[in-house]
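In what follows, a single structure is set out as structure tokens and then discussed.
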Amino acid sequence: MTTLRLIRVLAWGSVALLTAVLGYLLLNPHANETGSGVAAIGGPFRLAATSGGTIDSESLKGRPFALFFGFTHCPDVCPTAMLEIHNDLEALGAAAKDFRVYFVTVDPARDTVELLRDYTASFDPRIIGLVPKDEAELAMVARAYRAIYRKVETPSGYTMDHTAAIYLMDAKGLFFGTLDSQETPAVRQAKLRRLIAG
């Protein structure tokens with residue numbers, strides 16, 4: 001097995017494990033219980049944005065949005081997720097024209113605002129990159145969304161394992177659900193329609 005193939009196998013294995021852990025956290029009623037029937041996922045953040053300045057989670061209230069944790073050097077999961085969400089939004093047409101997807105980098109050491117701007121722009125103008133100022137800020141946001149990430153050393157440097165789901169948040173800033181690449185486009189788009197319709 002070549003080194004590149006081994007890295008890909010390990011990366012996909014890690015993604016599967018992280019997705020399983022996220023699924024447990026999302027579906028286990030004791031892990032998510034808030035007493036209100038709403039999963040305790042989400043929280044305040046203020047991050048540098050590729051659209052200019054910063055984006056504060058409070059300013060997002062009033063319309064639904066999606067949040068994804070990834071990085072620009074990702075070989076497969078991130079570009080696949082971004083292409084799928086682009087296709088989903090295109091399929092929804094005018095209903096999704098004001099919908100925004102926020103891409104939080106889990107690799108702020110390499111992902112500058114400029115690099116992330118070029119990356120997200122290559123998929124869809126509705127995708128806006130968010131860059132934590134340091135590891136502490138990244139850890140705080142990831143913890144609020146129950147997102148998992150970790151640095152993995154490779155022969156050529158390092159890569160990042162991370163949660164592959166796209167988080168859907170409603171207009172009140174409350175957790176609505178997730179989009180998963182294992183779902184069919186019809187399922188994903190039905191979720192987005194319900195979210196956007198409120």
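We did not get these values from a lab; they are worked out from the coordinates using the rules stated. Just so it is clear, the model here is predicted, and its values are computed rather than measured. As a convention, Cβ positions derive from the backbone with ideal geometry for all residues, glycine included, and neighbour counts pool all protein chains shown.
Within the set of other residues whose C-beta is less than 12 Å from the C-beta of Tyr119, count the net charge using Lys and Arg as +1 and Asp and Glu as -1.
Summing Lys/Arg as +1 and Asp/Glu as -1 gives -3.
For the stretch 92-198, what's the radius of gyration and Dmax over Cα atoms, in angstrom?
Gyration radius and largest Cα-Cα distance of the stretch 92-198: 15.2, 47 Å.
Using the structure shown, list the pairs from Lys61/Lys151; Lys97/Lys191; Lys151/Lys172; Lys97/Lys172 with a Cα-Cα distance above 23 Å, or answer none.
Checking Cα-Cα distances, Lys61/Lys151; Lys151/Lys172 exceed 23 Å.
Would you order Ile128, Ile85 from fewest to most other beta-carbon atoms within 10 Å of each residue's own beta-carbon?
Ile128, Ile85
Using the Cα centre as the reference, give the magnitude of the dipole from point charges on the C-beta atoms of the stretch 37-170 (Lys, Arg: +1; Asp, Glu: -1; all else neutral), rounded to the nearest 20 debye.
Once rounded to the nearest 20, the dipole reads 320 debye.
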